[in-house]
Amino acid sequence: MTRWLDDDEQRAWRAFLGASQLVQEELDRQLQRDSGMPHAYYAVLVKLSEAPERMLRMSELAAEVNASQSRLSHAVARLEERGWVRREPCAADRRVSWAVLTDEGFEVLAAAAPGHVEAVRRSFFDLLDPEQVRRLAEICTAVLRKETP
């Protein structure tokens, strides 16, 4: 039996989808305009910058940015062309390769970050009060905690 959404759930779901898409598109436009990269590439650079020695296994990086292996491989190939990331084979396991943030990639990320953070504030956090931010964090944490069957 289908468990249809009630009116409140439908309103919340549609608002979430619309807001999510609006913010993502705005952040992508800002990064493309100011830094010449899509938001997905920025996310890869951020995850690598936060990793020990600025490197992650490709499979870990894919999980971190919520991308398929093939989609991540394509993104890393584009980032390699720009000199921002390089791949290194794993000495202990030939099936594994590492994505490594280069110094140039780190500099590009550092240059892009202030504009990106300002866009996040302008398009999202400036529209919320502190209580809404707290509740949103609780909601998102609950959704992320859910394990799929």
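The values are calculated or read from the model by the stated rules, or taken from the named source; none is laboratory data. This is a predicted model, so every value here is computed, not measured. Cβ coordinates were reconstructed from backbone atoms using ideal geometry, including for glycine residues, and neighbour counts include every protein chain displayed.
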With the requirement that a residue be basic (Lys, Arg) and not in a loop (DSSP other than H, G, I, E, B), what does the stretch 75-91 give you?
ARG78, ARG86, ARG87
Restricting attention to the stretch 120-138, report how many residues are of a type in the set (A, V, I, L, M, F, W, C), under 18 Å from TYR42 (Cβ atoms) and either assigned to a helix (DSSP H, G or I) or in contact with a Lys or Arg (Cβ under 6 Å, 6 or more places away or on another chain) (or both).
2
Within the group GLN21, GLN32, which residue is exposed (fewer than 11 other Cβ atoms within 10 Å of the Cβ), part of a helix (DSSP H, G or I) and more than 13 Å from the chain's Cα centre (by Cα)?
GLN21
The condition from (1) at pLDDT 95 or above; (2) under 16 Å from the mean Cα position of the chain (by Cα) that GLU64 misses is numbered (1)
Inside the stretch 35-55, can you point out the residues that are in a loop (DSSP other than H, G, I, E, B) and of a type in the set (A, V, I, L, M, F, W, C)?
MET37, ALA51
Subset tally (residues that are surrounded by 15 or more Cβ atoms within 10 Å (Cβ to Cβ) and not in a helix (DSSP H, G or I)) for the stretch 92-119:
6
Within the bounds of the stretch 97-110, is there any residue that is under 18 Å from the mean Cα position of the chain (by Cα) and among the polar types (S, T, N, Q)?
no
Would you mind telling me which numbered condition in (1) touching a Lys or Arg at 6+ places or on another chain (Cβ under 9 Å); (2) of a type in the set (A, V, I, L, M); (3) touching a residue at least 40 places away in the same chain (Cβ under 8 Å) VAL46 fails?
(1)
